[in-house]
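Written out below as structure tokens is the structure these notes cover.
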Amino acid sequence: METKYKYRRTFDYLEIIVLLTLPLPFLNLNIFYILIVLTIVGFSKYLRHERWRNYGFNSTNKRNLVVAIVVGVIFGISDNYFLEPFLTKLLVGKTPDLSALQDTKGNIKKALILLVIGWLVGGFFEEFFFRGYLFNRINSVIHSIKLQKWIVIIITSIVFAFAHAYQDLAGIISAFYFSVIMGLLYFYFKKNIWYVVLIHGIYDTFGVLMLYTGW
């Protein structure tokens, strides 16, 4: 029994290390990292006999949906248009490098494509992976109940930040505090992934709107 427990712990740590490494820019996996992550998660879920609610896919209620929408709108406007430019310019003298997306200005087709990507990859996948799944998995190897919350938020936020290294140092800083805020919101909503997916999607919608209008 003890040997089985040790094997289980070893598998837990290996899975966490691999999943935390996949999004990092030095691997340059791009979209393939999503496919690899989903494969690993599916295999792990099968072996552990876990259910989707273990990763935050729980029922919602109208009150929290309204709160999430309001938070998404306020956060999306305040951060995209004001807070992010102010903080990044203050800390590193420039805003995140979004030059690869500059052709979105006035291009409704490109904007709609980015909007779909923003909701599917940014909203759904990133929240499921970084908040729902990784939070659950890392928590399983942390014994301190008091420290669990902050350890998982900081670890996942560091990885999330460096996954956005293509936006330069300003993008890393922006992604880090964004991830910390989303982690806190995940706990605020009692680890229900749907609310942070909604907030993230709304946030990205304002980001796309900013690119489209050339703000």
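Beyond 29 Å, how much of the Cα-Cα pair distribution for segment 2-213 remains, as a whole percent? The answer is 26 percent, as a whole percent.
Using 0.36 nm per residue, how much length does the chain from residue 81 to residue 110 gain when fully extended, once their Cα-Cα distance is taken away? Before the final figure, lay out each step's value.
Numbers: separation 29, 0.36 × 29 = 10.44 nm, distance 2.03 nm.
Extra length from residue 81 to residue 110 when fully extended: 8.4 nm.
Note the full-extension length gain between residue 145 and residue 177 as 0.36 nm times their separation in residues minus their Cα-Cα distance, in nm to one decimal.
Details: separation 32, 0.36 × 32 = 11.52 nm, distance 2.30 nm.
In short, 9.2 nm is gained.
Across the chain, the mean sequence separation of Cα contacts (distance under 8 Å, 6 or more residues apart), normalised by length, yields a relative contact order of 35 percent.
Straight-line cross-link reach from residue 6 at under 20 Å between alpha-carbon atoms covers these lysines, not counting any fewer than eight positions away in the same chain: 45.
With angles folded into 0 to 90 degrees, how steeply does helix 32-48 sit against the dominant principal axis of the chain? Use alpha carbons for both and round to 10. The two axes meet at around 30 degrees. With 18 Å as the limit, write out which pairs from 62/149; 146/190; 146/191; 62/191 have Cα-Cα distances beyond it, or answer none. Checking Cα-Cα distances, 62/149 exceed 18 Å. Each residue of segment 150-160 was assigned a 3J(HN,Hα) from its phi angle through the Karplus expression (A = 6.51, B = -1.76, C = 1.60, θ = phi - 60°), giving 6, 5, 5, 5, 5, 4, 5, 5, 5, 5, 4 Hz with x at Gly and Pro. The alpha-carbon of residue 94 sits under 27 angstrom from the alpha-carbons of these lysines, leaving out residues fewer than 8 places away in its chain: 105, 110.
Whole-Hz Karplus values for segment 162-171 come out as 6, 5, 9, 5, 5, 8, 6, 4, 4, x Hz, taken residue by residue from phi with 6.51 cos²θ - 1.76 cosθ + 1.60 and θ = phi - 60°; glycine and proline positions read x. The length gained by stretching the chain between residue 43 and residue 65 to full extension, at 0.36 nm per residue less their Cα-Cα distance, is 4.8 nm.
Read the figures in this text as sums done on the coordinates, not as results from a lab. No experiment lies behind these values; they were computed from the predicted model shown.
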